[in-house]
Every structure is written in structure tokens, then in C-alpha cells.
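Heads up, the thing below is written out as C-alpha cells.
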Amino acid sequence: QVQLVESGGGLVQAGGSLRLSCAGSGRTFSNCAMAWFRQAPGKEREFVAAIDWSAGNTRYADSVKGRFTISRDNAENTVYLQMNSLKPEETAVYYCAATVWINSTPRISGYDYWGQGTQVTVSS
């Protein structure tokens, strides 16, 4: 059974940092592009960041560029999201996703596997 399990969410003050982790199991994800999305209450799920299979290419939503960093450890089947200078409006459930393709995409429909999400709450 293929699973993605996120961890690292929590409550942080505005301007603070969190590091999210997403551990994959049930198959190797080393040849899969992976991504992070988020969904705030009452809003649609949106793209945050993605990384291709080799970690050679990354992409970010404009709103997080310069503050968030996506990385991966293929030996550990894990992808990370380092989030700095967090803002209250970034309170959301953060989801990890993986695609069977090697190159990433910002499209939700481009991903085949999803985690259950981890809550990030940024207080003002």
C-alpha cells in the first residue's frame, strides 16, 4: 500500500519557521516528482512548491519564493518543506503529493498520491 505521511505541522507565531516532512512508503519515490500543496479553510487547495526526481529542479508559488525551500532525500524516501517568515494567512492544512512522472507540475491533477495533511497554524 502506497502511503505519504506528513509531519512537522503545528502552531507558530508570525515570522516563525516550521519544517514539514513527508515520508513515503509502499514504493520507491526516488524517481517521482513530489510537491507540497495547502488548503486554507473555505479555500481551494493551492500549489506551494515542487521538486523533480533528481532534486535538480524546483518550483515555487510566487507567494512563498524566497521564504520556503523544498528538498528531498531519496535514500530516505522523504521530501521536506522548510518554511520561514510564516504569515497568518498561510494557516492551512499542508499536503504532500507525488507523481509517477519525473518532472514536477504545479497542477493538482498531475499528482497520483496524496498524504493526509498536516495542520499549520500561524498566529498573529
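The values are calculated or read from the model by the stated rules, or taken from the named source; none is laboratory data. Model, not experiment: these values are computed from the prediction. So basically every Cβ, Gly included, is an ideal-geometry build from the backbone, and we count neighbours across all protein chains shown. All accessible areas refer to the heavy atoms of the entire protein, side chains included, with ligands and DNA or RNA removed. Shrake-Rupley method; radii C 1.70, N 1.55, O 1.52, S 1.80 Å.
Going through L86, L20, L81 one at a time, which residue ends up being touching a strand residue (DSSP E or B) at 6+ places or on another chain (Cβ under 8 Å), more than 18 Å from Q116 (Cβ to Cβ) and of a type in the set (A, V, I, L, M, F, W, C)? If you could, list the steps in order and put the result at the bottom.
Values: L20 fails: more than 18 Å from Q116 (Cβ to Cβ); L81 fails: more than 18 Å from Q116 (Cβ to Cβ).
Going through L86, L20, L81 in turn, just one is touching a strand residue (DSSP E or B) at 6+ places or on another chain (Cβ under 8 Å), more than 18 Å from Q116 (Cβ to Cβ) and of a type in the set (A, V, I, L, M, F, W, C): L86.
Could you list, in sequence order, the residues of the range 87-116 that are more than 17 Å from R27 (Cβ to Cβ) and either free of Cβ contacts under 8 Å to residues at least 24 places away in the same chain or among the aromatic types (F, W, Y) (or both)? Full working, then the answer.
Residues of the range 87-116 that are more than 17 Å from R27 (Cβ to Cβ), as a first pass: 87-95, 103-110, 116.
Y94, Y95, S109, G110, listed by residue number.
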The range 1-19, subset open to solvent by 70 Å² or more (accessible area, probe 1.4 Å) and among the polar types (S, T, N, Q), residue nearest to the chain's Cα centre (by Cα): Q3
I'd like to verify a number: residues in the range 36-91 that are touching a Pro at 6+ places or on another chain (Cβ under 9 Å) and over 17 Å from Y111 (Cα atoms), how many? 1
For the range 1-43, which residues satisfy the criterion of being charged (D, E, K, R) and closer than 16 Å to R67 by Cα? R19, R38
Selection count, the range 58-114, where residues are acidic (D, E), closer than 20 Å to E44 by Cα, open to solvent by 30 Å² or more (accessible area, probe 1.4 Å) and not in a loop (DSSP other than H, G, I, E, B): 1
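With the condition kept exactly as written, say whether any residue in the range 20-32 is assigned to a loop (DSSP other than H, G, I, E, B), among the β-branched types (V, I, T) and open to solvent by less than 60 Å² (accessible area, probe 1.4 Å).
Taking the range 20-32 first, the residues assigned to a loop (DSSP other than H, G, I, E, B) are 26-32.
Retained after the next criterion (residues that are among the β-branched types (V, I, T)): 28.
Subsequent filtering for residues that are open to solvent by less than 60 Å² (accessible area, probe 1.4 Å) retains none.
Among the residues of the range 20-32, not one is assigned to a loop (DSSP other than H, G, I, E, B), among the β-branched types (V, I, T) and open to solvent by less than 60 Å² (accessible area, probe 1.4 Å), which makes the answer no.
Of all residues in the range 1-42, which are of a type in the set (K, R) and without any contact (Cβ under 8 Å) to a residue 40 or more places away in the chain? Don't jump to the end; show me each part of the working.
Applying the first criterion (of a type in the set (K, R)) to the range 1-42 yields 19, 27, 38.
R27 - this is the single residue of the range 1-42 that is of a type in the set (K, R) and without any contact (Cβ under 8 Å) to a residue 40 or more places away in the chain.
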Scanning the range 44-54 for residues that are in a loop (DSSP other than H, G, I, E, B) and surrounded by 16 or more Cβ atoms within 10 Å (Cβ to Cβ), which turns out modelled with the lowest pLDDT? W53
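Of all residues in the range 65-86, count the ones that are on the phi < 0 side of the Ramachandran plot and free of Cβ contacts under 8 Å to residues at least 60 places away in the same chain. Step through it out loud before you land on a result.
Pass one, the range 65-86, residues on the phi < 0 side of the Ramachandran plot: 65, 67-76, 78-84, 86.
So of that shortlist, the ones also free of Cβ contacts under 8 Å to residues at least 60 places away in the same chain come out as 65, 67-76, 78-79.
Of the residues in the range 65-86, 13 are on the phi < 0 side of the Ramachandran plot and free of Cβ contacts under 8 Å to residues at least 60 places away in the same chain.
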